[in-house]
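Read through the structure below, which is laid out as structure tokens, and then see the notes.
The values are calculated or read from the model by the stated rules, or taken from the named source; none is laboratory data. None of these values were measured; they are calculated from a predicted model. We place every Cβ from the backbone using ideal geometry, glycine too, and count neighbours over all the protein chains shown. Just so you know, the surface numbers come from the protein's heavy atoms only, side chains and all, with ligands and any DNA or RNA stripped out. Shrake-Rupley method; radii C 1.70, N 1.55, O 1.52, S 1.80 Å.
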Amino acid sequence: MVDPGGTLAAEATPPGRGGLRVVRVSGPLAGPILDRHFRPAGKPSPRDLPRRLCAGDVLLADGRLLDRALAVFFPGPRSFTGEDTAEFHLHGSSGVVEAVLSFCLEAGCRRAAPGEFSWRAFLHGKMGLLEAEALEGLAASSSREAALRAAAVLGGALRQRLESLREGILDLEARWEAQVDFPEDAGEGAPEEEAAALERLLAEAQALDRSGQALSRLREGSTVALAGPPNSGKSSLFNALLQRERALVTPHPGTTRDVLEETLEVDGLPLVLRDTAGLREGPEEVEALGMEVGLRAAASADAVLFLYDGARGWDGEAHRALALLPVPPRWIAANKCDLFPTPVPPGHFRLSARTGEGLPALVEELGRWLREQVPPSEVGPVSLRQAEAAGRLRRALEEARQDFAAGAGVEVAADALRRARRAAEEALHGEDSPDALYERIFSRFCIGK
């Protein structure tokens, strides 16, 4: 990170047009800049009413009115960064934002680098390593559940879980070390009690590791490919699930030649949906290339939804298309049910992408499947670093259990226990070179955070 001194200024909201944009100033110049460039509408100023939004005028250096806006002052150390911090809540004009940043820079501020506000919060003890990673995860969350997990970690839930695990490991490690170093005083211990304690620690570590392994699905989503014969309505279903016209739909078979991919949220979790080319025997050259790409997309997906024209029924075309799939589908659906009254084969969804009939049941099933991919309501890792540490912790405890159960002696099992404790400490505090680690974490933040 750059020099932690001086006063920072940057836009804290995403750039672009909008109803509201915020410029944040943090450091010793924050208060004086607010005094000079903000004239409150009433008698109390933002500095007189800390942590409260005040309405007023934003003024240029020569006293001209720039914007009618809101301002708030957070005196340090009770601020996000731990320093005096001012915020201008402006109308969504790029010109206004740049003008505010200009008078901040002229006053002696410098533009904040990505993550530099959060870096200062870390330096001033406002957050730890876990909480910093959670903040980055919260900003990057693409679904409700990912945001809830990051918020729980930000609130300290993962820290409590890891510290509890570390204390339990340390307690058992101390008992085993005492048995090795001071056998006359410590005695032989109680193997059944110690085995039970080790099992409890391992169960907790395994749950934590499962949660870490599901991190990519939680943040990036699980993938479902739509496959089936041409003109079965895959693109129509793709659009219906997205609730917007994303794929081109025509009555002519073979319209889709490439894979379209979009992410939507189902039951609070991200779902990556792929629309692929229709499958049939003997396609012409360009269509064959599209089929090849689609088959690869289906093979690499987490699950496949096979769709066929229910008005035609399960005929030879549907059977041959199914045979071309490199993996068996998880679901089969008969589309266009608005065109046929007959029931569908057992286990097949009956739906109409055009009218929406049957879609709620399909979405409910997709949500149920997504829940199977992610441990329910678990506080777990929100970064790859945390997930890897959880994996090392689980593996070390499994090795300790194996050594203890095999009668290798507590001095052997204690070595694996020490490695488990170190893994918990690494998850909490990072490894031996924290500066490089912190540099990586905060550099991924956006400017203004």
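Of note:
- Summed over the range 150-163, residues that are part of a helix (DSSP H, G or I) and without any contact (Cβ under 8 Å) to a residue 40 or more places away in the chain total 3.
- Top-ranked residue of the range 127-137 - restricted to ones that are in contact with a Phe, Trp or Tyr (Cβ under 9 Å, 6 or more places away or on another chain) and farther than 19 Å from Glu163 by Cβ, ranked as surrounded by the fewest Cβ atoms within 10 Å (Cβ to Cβ): Glu136
- Only one of Ala107, Ala139, Ala147 that is without any contact (Cβ under 8 Å) to a residue 24 or more places away in the chain and aliphatic (A, V, I, L, M): Ala147
- Of the residues making up the range 343-358, those that are hydrophobic (A, V, I, L, M, F, W, C) and open to solvent by less than 20 Å² (accessible area, probe 1.4 Å) number 2.
- Test: residue in the range 12-20 that is crowded, with 22+ Cβ neighbours inside 10 Å, modelled with pLDDT under 95 and not aliphatic (A, V, I, L, M): no
- Arg392 under 18 Å from Arg161 (Cα atoms) and without any contact (Cβ under 8 Å) to a residue 40 or more places away in the chain: yes
- Residue count for the range 288-309, restricted to those that are at pLDDT below 90 and either open to solvent by less than 10 Å² (accessible area, probe 1.4 Å) or closer than 23 Å to Glu365 by Cβ (or both): 2.
- Qualifying residue in the range 39-48 (condition: in a strand (DSSP E or B), among the polar types (S, T, N, Q) and either touching a residue at least 60 places away in the same chain (Cβ under 8 Å) or open to solvent by 20 Å² or more (accessible area, probe 1.4 Å) (or both)): no
- Failed condition for Thr85, given (1) modelled with pLDDT under 95; (2) within 20 Å of Trp119 (Cα to Cα): (1)
- Qualifying residue in the range 389-412 (condition: closer than 18 Å to Ala134 by Cβ, open to solvent by less than 10 Å² (accessible area, probe 1.4 Å), touching an Asp or Glu at 6+ places or on another chain (Cβ under 8 Å) and modelled with pLDDT of 80 or more): yes
- Filter pass, Leu325 being open to solvent by less than 50 Å² (accessible area, probe 1.4 Å), within 26 Å of Arg144 (Cα to Cα) and either of a type outside the set (Gly, Ala, Ser) or in contact with a Pro (Cβ under 9 Å, 6 or more places away or on another chain) (or both): no
- Test: residue in the range 364-375 that is within 22 Å of Phe238 (Cβ to Cβ), free of Cβ contacts under 8 Å to residues at least 24 places away in the same chain and among the small types (Gly, Ala, Ser): no
- Residue list for the range 52-93, restricted to those being acidic (Asp, Glu), open to solvent by 30 Å² or more (accessible area, probe 1.4 Å) and not in a loop (DSSP other than H, G, I, E, B): none
- Being farther than 30 Å from Ala207 by Cα, in contact (Cβ under 8 Å) with a residue 24 or more places away in the chain and touching a Cys at 6+ places or on another chain (Cβ under 8 Å) holds for only one residue in Leu289, Leu359, Leu351, and it is Leu351.
- Cβ separations smaller than 6 Å between residues 6+ apart or across chains give no pair from the range 58-81 residues that are on the phi > 0 side of the Ramachandran plot and at pLDDT below 95 to residues that are surrounded by fewer than 16 Cβ atoms within 10 Å (Cβ to Cβ) and of a type outside the set (A, V, I, L, M).
- Residues in the range 158-200 that are surrounded by 12 or more Cβ atoms within 10 Å (Cβ to Cβ), farther than 22 Å from Leu428 by Cα and at pLDDT below 85: Arg175, Trp176, Glu177, Ala178, Gln179, Val180, Ala186, Gly189, Pro191, Glu194.
- Qualifying residue in the range 97-117 (condition: closer than 30 Å to Pro40 by Cβ and among the polar types (S, T, N, Q)): yes
- Scope the range 331-342; condition in contact (Cβ under 8 Å) with a residue 60 or more places away in the chain and either open to solvent by 30 Å² or more (accessible area, probe 1.4 Å) or of a type in the set (Val, Ile, Thr) (or both); matching residues: Lys336
- Total residues in the range 105-130, condition more than 14 Å from Leu384 (Cα to Cα) and in a helix (DSSP H, G or I): 10
- Evaluation of Arg312 against the conditions (1) of a type in the set (Lys, Arg); (2) on the phi < 0 side of the Ramachandran plot; (3) in contact with a strand residue (DSSP E or B) (Cβ under 7 Å, 6 or more places away or on another chain) shows that the sole unmet condition is (3).
- Here is the figure for the range 355-370: residues that are basic (Lys, Arg) and over 22 Å from the mean Cα position of the chain (by Cα) total 0.
- Any chance Gln206 is open to solvent by less than 60 Å² (accessible area, probe 1.4 Å), at pLDDT 90 or above and of a type in the set (S, T, N, Q): yes
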